[in-house]
Amino acid sequence: MSLMDRLVLSDAAWERMAPLIIGRPDQKGSTGRDNRLFVKGVLWIVRTGAPWRDLPEVFGEWNSVFRRFSRRSGKGVWHRIFERMSDDPDFEYLIVD
């Protein structure tokens, strides 16, 4: 199993957190290009502890992902995701900063 395989967001986990992500097609305002890929990029940063500039290109341009992350932080999205996922042993590493 490669590092990237280990860091993939499962369908079950995504289904639990997807309703909490802003920028969904069912909402007014701008829609995120690929919300799941965005969350995978954020989780990669959280899991590895790497600086944003080291985010692999597969997740998108690091600065765009960071800005999106920051905007959602200000709106409490990550806190709600933490609350929803805190009972999942695969997410025991989550820390809301």
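The values are calculated or read from the model by the stated rules, or taken from the named source; none is laboratory data. Just so we're clear, the structure is a prediction, and the values are computed from it rather than from any experiment. Using ideal geometry, Cβ is built from the backbone for each residue, glycine included, and neighbour counts are taken over all protein chains shown. Just the protein is used for accessible areas: all its heavy atoms, side chains included, with ligands, DNA and RNA removed. Shrake-Rupley method; radii C 1.70, N 1.55, O 1.52, S 1.80 Å.
Determine whether region 39-54 contains at least one residue that is among the acidic types (Asp, Glu), modelled with pLDDT under 90 and open to solvent by 70 Å² or more (accessible area, probe 1.4 Å). Scanning region 39-54, I find no residue that is among the acidic types (Asp, Glu), modelled with pLDDT under 90 and open to solvent by 70 Å² or more (accessible area, probe 1.4 Å), so the answer is no.
Cβ-Cβ distances below 9 Å connect the following pairs, each with a first residue in region 49-60 that is small (Gly, Ala, Ser), a second residue that is open to solvent by 50 Å² or more (accessible area, probe 1.4 Å) and outside any helix (DSSP H, G or I), and a separation of six or more residues or different chains: Gly60/Arg33; Gly60/Asp34. On the stretch given as region 55-86, residues that are among the hydrophobic types (A, V, I, L, M, F, W, C), over 9 Å from the mean Cα position of the chain (by Cα) and at pLDDT 90 or above total 6. Contact map, region 77-97: first residue more than 17 Å from Thr48 (Cα to Cα), second residue open to solvent by 70 Å² or more (accessible area, probe 1.4 Å) and at pLDDT below 85, Cβ cut-off under 9 Å, separation 6 or more or different chains; pairs are Trp78/Asp97; Phe82/Ile95; Ser86/Glu92.
Counting the residues of region 59-78 that are in a helix (DSSP H, G or I) and either open to solvent by 90 Å² or more (accessible area, probe 1.4 Å) or aromatic (Phe, Trp, Tyr) (or both) gives 7.
Taking the residues in region 28-38 that are open to solvent by 50 Å² or more (accessible area, probe 1.4 Å) and under 18 Å from Ile81 (Cβ atoms) as candidates, determine which candidate is modelled with the lowest pLDDT.
Among residues in region 28-38 that are open to solvent by 50 Å² or more (accessible area, probe 1.4 Å) and under 18 Å from Ile81 (Cβ atoms), the one modelled with the lowest pLDDT is Asp34.
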